[in-house]
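The values are calculated or read from the model by the stated rules, or taken from the named source; none is laboratory data. Just so it is clear, the structure is predicted and the values come from calculations on it, not from any experiment. Glycine also receives a Cβ, built like all others from the backbone with ideal geometry; neighbour counts cover every protein chain displayed. These area figures cover heavy atoms from the full protein model, side chains too; ligands, DNA and RNA do not enter into them. Shrake-Rupley method; radii C 1.70, N 1.55, O 1.52, S 1.80 Å.
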Amino acid sequence: MLKQFLSKLPRKSGKSDSPELARSNSCTTAGSTPQPHRSNSFNSGSGRPCAPKRTSSAVFPASVVAGIEPLLPFKDVPSSERLNLFVSKVSLCCVTFDFTDPTKNLIEKDVKRQTLLELLDFVSGSVRFSEPAILAMCRMCAVNLFRVFPPNYRSTSSNGGENDDDEPMFDPAWPHLQIVYDVLLKFITSSCLDAKVAKKYIDHSFILRLLDLFDSEDPRERDCLKTILHRVYGKFMVHRPFIRKAISNIFYRFVFETERHNGIAELLEIFGSIISGFALPLKEEHKIFLWRVLIPLHKPKSLGLYFQQLSYCVSQFIEKEPKLCSTVVGGLLKYWPITNSQKELMFLGELEEILEAINMVEFQKVTVPLFWRIGYCINSFHFQVAERALFFWNNDQIVNLIAHNRHVILPIILPALEKNAQNHWNHAVLNLTINVRKMFMEMDDQLFMFCHTHFKEEEAKLSILAEKRKEAWERLENAASRQPITGNTAVLVTPLATSIAY
């Protein structure tokens, strides 16, 4: 069985391999037809071919591994030959297996697992990696990790992907994949890896396929990818603009096309650390990312899955440049959820964090539309929304802003407070409303009485208008009832609820 496993390794073409070819899935899967291999070793003295050794090294290209047995431990070969042995072991791990059937290829799987663990120990050492070793490592990672995920048959259209009953899907190959990810992480973070050489193989194509893996349903895989991509971003400075652009494209596609992706939270977490490293003043490119990506990310129904990471990214921007507060508040008001109470609670929480950091000038730019929206939330029949909006007056920073702008805010908020005080069904909301009214009275008694009087006058006018409308309809009904119905008289009838649909 072991010889069959080893014989499935493909023939490498020495120096003609390009970086793109290196990542193609040229390595075979266990169970495919093995390709014959002839030894190209010759005796330099006589020119006669030497008899091939009966070892597994015969299945590897002689120009790459120089006849080294890949199953040998690293400690059993001279230090000068360890890189060649490393390439042999990496090539051995290019063979993939079907992990959905735990009973197939048990010996071969165990050999590969032990080899991967040896590679993990080796890359943690201090041996400087040559270009063939980098090429072999990138090829092995591409063969084992880069794959197309099966379609997601879960219904996400009705609940926005926020069904708490859905348990995460775990990949049966994860114990094997985890070691490959650990090897890749150690390889990228190794001080012995020359970034100038490695960037030829860890290039744009490699990064794009790495980003595709973030759609995995296995949260353990996404967590590993998050760490690896962050290290790639830190090590390969030349790729940083491309990585930011590629992640932005994933966000665009998620917001404006599919609204379905498993790795939005992890990608936002990576971007949170990237934003914290932005230099001041912020470039226009970064501000555009805030306007066109982060703010629209509040729109999808599945906001709850990544809200914490999104809120952190927004707060990082505001911390870097406080002038962006009014822009963010305007964006939140634009995408405010009218019929989704859970999202409203998230928006109110984020709004409070922003108002704690906003300055007076930026606050005054958004005061009117902001407090119109808060007024609607205060009158919400969902008691948690009304309660959360009234909690703003428990924040000293926000109360200070309101006190300095009370002449604008009180006329907007007082009608909402009075309506709550008159007929809100929840006692907790009712008590909070009364407390907020008392706070406004203590701030400016005269202004409160003026606004209260104006509110009463407006209520009286509206009551008179409503009474006039009622009387007008009654007169029309009485007039219609006194008219005799003839054959040619048009009669107003109420349309049937069960109309025929064509």
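Okay, here's what the table says:
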{"quantity": "Residue among Q114, Q178 that is at pLDDT 85 or above, surrounded by 15 or more Cβ atoms within 10 Å (Cβ to Cβ), not in a loop (DSSP other than H, G, I, E, B) and not charged (D, E, K, R)", "calculated": "Q178"}
{"quantity": "Number of the condition not met by A472 [criteria: (1) within 52 Å of the chain's Cα centre (by Cα); (2) open to solvent by less than 70 Å² (accessible area, probe 1.4 Å); (3) modelled with pLDDT of 90 or more]", "calculated": "(1)"}
{"quantity": "Boolean, L401 is of a type outside the set (D, E, K, R), touching a residue at least 40 places away in the same chain (Cβ under 8 Å) and open to solvent by less than 70 Å² (accessible area, probe 1.4 Å)", "calculated": "yes"}
{"quantity": "Selection count where residues are within 13 Å of V87 (Cα to Cα) and among the hydroxyl-bearing types (S, T, Y), scope segment 113-136", "calculated": "2"}
{"quantity": "In segment 181-196, the residues that are more than 16 Å from T115 (Cα to Cα) and open to solvent by 40 Å² or more (accessible area, probe 1.4 Å)", "calculated": "L185, T189, S191, D194, K196"}
{"quantity": "Only one of R253, R244, R260 that is touching a residue at least 24 places away in the same chain (Cβ under 8 Å) and either touching a Pro at 6+ places or on another chain (Cβ under 7 Å) or part of a helix (DSSP H, G or I) (or both)", "calculated": "R244"}
{"quantity": "The listed residue being of a type in the set (F, W, Y) and in a helix (DSSP H, G or I), out of F381, F392", "calculated": "F392"}
{"quantity": "Options S80, S63; residue that is of a type in the set (G, A, S), in a helix (DSSP H, G or I) and at pLDDT 80 or above", "calculated": "S80"}
{"quantity": "Identity of the residue in segment 339-361, polar (S, T, N, Q) and over 15 Å from T327 (Cβ atoms), that ends up surrounded by the fewest Cβ atoms within 10 Å (Cβ to Cβ)", "calculated": "T339"}
{"quantity": "Conditions (1) closer than 27 Å to N359 by Cβ; (2) without any contact (Cβ under 8 Å) to a residue 12 or more places away in the chain: number failed by A479", "calculated": "(1)"}
{"quantity": "Residue ID - modelled with the highest pLDDT, chosen from residues in segment 320-347 that are over 22 Å from the mean Cα position of the chain (by Cα) and not in a helix (DSSP H, G or I)", "calculated": "E321"}
{"quantity": "Top-ranked residue of segment 428-450 - restricted to ones that are among the acidic types (D, E) and part of a helix (DSSP H, G or I), ranked as least open to solvent (accessible area, probe 1.4 Å)", "calculated": "D445"}
{"quantity": "Some residue of segment 93-102 being open to solvent by less than 60 Å² (accessible area, probe 1.4 Å), under 20 Å from L184 (Cβ atoms), hydroxyl-bearing (S, T, Y) and not in a loop (DSSP other than H, G, I, E, B)", "calculated": "yes"}
